[in-house]
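The values are calculated or read from the model by the stated rules, or taken from the named source; none is laboratory data. Only a predicted model underlies this, so the values are computations on that prediction, with no experimental measurement involved. Here Cβ is always computed from backbone atoms with ideal geometry, including for glycine, and neighbour counts include all displayed protein chains. Please note that ligands, DNA and RNA were not included when accessible areas were found on the heavy atoms of the full protein model with its side chains. Shrake-Rupley method; radii C 1.70, N 1.55, O 1.52, S 1.80 Å.
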Amino acid sequence: MSKKHVYSFAEGDGKNKHLLGGKGANLCEMTQIGLNVPPGFVITTEACLEYLDRKTLPAGLLEVVGNHIRLLEEKTGKRFGGEYNPLLVSVRSGSAMSMPGMMDTILNLGLNATTLPGLIKQTNNERFGYDAYRRFIQLFGKVALGVPDALFDEEFDEVKRQAGVKADVGLNAGHLKEVSERFLNVVHRHTGKPFPSDVFEQLEIAIKAVFNSWMGKRAIDYRREFHITPDMANGTAVNVVTMVFGNMGNDCATGVGFTRNPGTGENEMYGEYLVNAQGEDVVAGIRTPKPVQAMRQEMPELYRQLVELRDKLEAHYREVQDYEYTIEKGTLYCLQTRNGKMNAQAMVRSSVDMFSEGLISKNQALLRVKPEVLEQLLHPRLDPNHAHKPLAQGLPASPGAASGRCVFDADQAEILGRAGQKVILVREETKPEDIHGFFASQGILTSRGGKTSHAAVVARGMGKACVAGAEGIKVHTRARQATVGEVTLREGDVITIDGSTGDVYLGEIPTIDPTFSDELKTVLSWADDISHLQIMANADTPAAAQLALDYGAMGIGLCRTERMFNATDRLPIVVEMILAHTLEERQAALDKLLPIQREDFKEIFKIMAPRPVTVRLLDPPMHEFLPGEHQLEDELRALEQYRMMVRGRAAAFGALNVSCGSDNVSEEQVNAVIAKKEMMLRKVRELYEVNPMLGHRGVRLGMTYPEIYEMQIRGILEATAQCQKEGVPVAPEIMVPQVITSQELRIVKASVDKIQAEIENQYGLKLSFKFGSMVETVRACMRAQELAEVAEFFSFGTNDLTQATFSFSREDAENKFLPLYTDHGILKDNPFEVLDMNGVGALMQMTVERGRQTKNHLKVGICGEQGGHPESIRFCQKIGLNYVSCSAPRVPIARLAAAHAKLLEK
Ligand code: PEP
Ligand code: MG
């Protein structure tokens, strides 16, 4: 017997999402825990993969499907293709990972000329029957037969026009019958064949269409964007489910809900429903639904049952659920449940709440919150003091504020977004095929649909601001404009949307940075209690140090001293130092820099006390502090002209024998400026290197200009001495960049020792600090044992180490060929973003082992950009690093990632 490809809901393993898809597994599980789920069965993802591979359904599959249909017939007392009491089914996609709206679903399958009268007789509702029929023909036609939606819409609009009605509900049975006939003709004309009437043929075509949708463009795009790999989800399952109808009358309804508020995380009934409607009406945003609270008055008994359903779902899954239900003639059915996608704020709040409610453990609460989602909490909010009046209001569908130029279709959003423009995608409603427009936009605004419409769900998942159902806005997509009363918004006009309030404004409104909620502080403090890795920040100035501290940094892992050189009051002194002809001249410039650096260090050490601050000695090539060659040449040309003018004017005044006044620039003054610029140009040419990043930088500068490093070391140690004198418990660390041999370290260390002795003598105290090395060259990795004889700590500079390991220029790779490498899967990730564990990581692991052979407890960290990336952090934990250091706003993400790394450690 070949593999089992079909499972009834009563027998499928609710935990096996890989095989049954998330939806299928949950339908099985819900059935098995006693919830009222319409009977059905799941065709596995394995069957899908076999079909996609061989282009034909697995042998015997249709026969087994037929047997399961017979079981459904027994359970429901209905007949598939039957003249009386016909069985209709939905055919739904569902993979192991939730991909909302990315694949296809067909409803009302099983309708044809024979079964339709049966359905009408059984429900005694002709309008309902034709409504179901026309929906089925359109959906089946579009999804399974590839007939464009627009062809159906034209016919539908024509019938509405002739009937003189605007909304679908205005159409009677006769109109819908005509719509159905027109739709059948559309299919015949477009496909050259009549619409399939055999219900088993319909089912076969539908199963194949759902399987094929796994390889549809939008599903592929979605998987690429969200890094869904085959080991996370491979193929889609097909769920064949008995249809239940929410549109048989006013004792019917359909709705979607979250077990908690997905915008805030609050523990409350949340969702929307529509009376007398089919599920797709809610999700597609065709009619604006009512909040679930309204059901309390409208259908009190069903509301009670719904609360019970929601409580059961959460108690069973111990996770916030996103569920769909239908009420058919007073009976509540649960159609689907899955883990709810929520924004970061809601995730954090519900984690803390669910822990206090005893639903989950602290570790589970931590693991629920994916570190990356915290990024959303770093999003800006509108300045609450702004005085702008909203232009329109919609539903607050996904929090955060965003400004940008209006664009009216996803393609244009993609083009402008890629060109670096900020855009807001403005649509009547969005559909899954608009997904590329979402990626490119700052925010989404729709004029129709609710908080669970496609636009709202997708934007929330992406952490983008969204205002949905702003009905005061009329969107005219073709004309590329929208109108709000008298105001016309044209493509390119700037608007601001506030996804937390639903307000829409004309123009750009200032935003303010977010603050941490108490719940986030709680989660992060739990994370810190569990983590093994320390989380440091890369910060170069006192202001940046303060910010890092606010984000919870446990120290500074990298203070790039050269960044202090760039301030406008310092740069001229640095230039003076570079242009110096003699050691004396250079020393004079360094003497001016010393107090400046010392004061900066003091301030940073004090802000961070008692936490460590790792100060890196000068690293970049000197030419970086001078203007570019072309700029200097241009300036010199302009100065030459200016000199001619000054000379000409002096000659003219001389000829007239008049004085040209004391406040005029003299030729001598211009000459002095020219001479300085010429000197700079000569220096720039002298310093020119073909590969400056591999040239005269890092500790090589310290070897050739020891006086520069001496000034910096003195600055650090004097600052330390002064802080210690004041009783501030500072913990500085001196770090040497670009090291390749222990000899370099020994030379710098000798100068540290000399200056240390002088300062200890001068201040009468023992200095407390560490001396260490960056590891960012391949040779440093290979010589780690020797480096560890001198260094008390290592810090991996994985920006340079990646450059060196790949032989990729870190300046050029990302703009030139790297996108192709990642797009084509030659490399899984950009190694400058995500640590290349197999290559760079292997070197790091070896370095740690070798270094610790010399010094058992050698402290080792990472300070390259990858240090803030959750996956990289897991690797750092695995190879035994002590800390990671990243940019300040990523510190909260890294704190949580470090806790995950510890909890998920094997
Ligand atoms: C590194 O190379 O990873 C590093 C932190 O130094 P920089 O980026 O300043 O070269
Ligand atoms: Mg570096």
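Listed values, structure above:
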{"item": "Loop-located chymotrypsin sites (Phe, Trp or Tyr not before Pro) in segment 736-844 whose Cβ has at most 15 other Cβ within 10 Å (DSSP)", "result": "F817"}
{"item": "FRET efficiency, 1/(1 + (r/R0)^6) with R0 45 Å, evaluated for A150 and L827 via beta carbons", "result": "0.65"}
{"item": "Sparsely packed trypsin sites (Lys or Arg not before Pro) within segment 429-528, loop by DSSP, other Cβ within 10 Å at most 12", "result": "R478"}
{"item": "All-pairs Cα distance distribution in the chain, expressed in whole percent, bin size 20 Å", "result": "12, 36, 29, 16, 6, 0"}
{"item": "Test item: Cα-centred dipole of the chain, Lys/Arg +1 and Asp/Glu -1 on Cβ, debye", "result": "1180"}
{"item": "Residues in segment 535-556 reached by a label modelled at V728 [backbone nitrogen below 19 Å; 7 Å Cα→Cβ]", "result": "537-556"}
{"item": "Sum of -39500 (n - 2.57) over DSSP H runs of 4+, divided by residues of the chain (222 nm, nearest 500)", "result": "-14500 deg cm²/dmol"}
{"item": "Potential extension, K474-A387 segment - 0.36 nm per residue separation minus Cα distance", "result": "28.8 nm"}
{"item": "Label-point separation in nm, F200 to L52, each point 7 Å along Cα→Cβ", "result": "2.8"}
{"item": "Nearest-0.05 FRET efficiency for K422 and S751, computed from C-beta distance (R0 51 Å)", "result": "0.55"}
{"item": "Ranked by how many other beta carbons lie within 10 Å on average, peptides 365-378, 344-357 from highest", "result": "344-357, 365-378"}
{"item": "Net lengthening on full extension, N85/I33 (0.36 nm per residue, minus Cα-Cα)", "result": "15.9 nm"}
{"item": "Gained length - N856 relative to M679, 0.36 nm times residue gap less alpha-carbon distance", "result": "58.6 nm"}
{"item": "Rounded percent of accessible protein surface that carbon and sulfur make up, segment 600-686, 1.4 Å probe", "result": "54"}
{"item": "Rounded to 5, the percent of DSSP beta bridges in the chain classed as antiparallel", "result": "60"}
{"item": "Among the listed pairs K422/K828; K217/K370; K341/K464, those beyond 21 Å (Cα-Cα)", "result": "K422/K828; K217/K370"}
{"item": "Between 0 and 90°, nearest 10: helix 583-608 axis offset from the chain longest Cα axis", "result": "40"}
{"item": "Label point at T331 placed 7 Å out along Cα→Cβ; residues across segment 20-45 whose backbone nitrogen lies under 12 Å", "result": "36-39"}
{"item": "Label-point gap, in nm, between E905 and N691 - each point 7 angstrom along Cα→Cβ", "result": "3.8"}
{"item": "Simple spin-label estimate for E633 and S666 in nanometres, 7 Å along Cα-Cβ", "result": "3.3"}
{"item": "Sites T123 and E508, calculated FRET efficiency, Cβ-Cβ separation with R0 60 Å, nearest 0.05", "result": "0.65"}
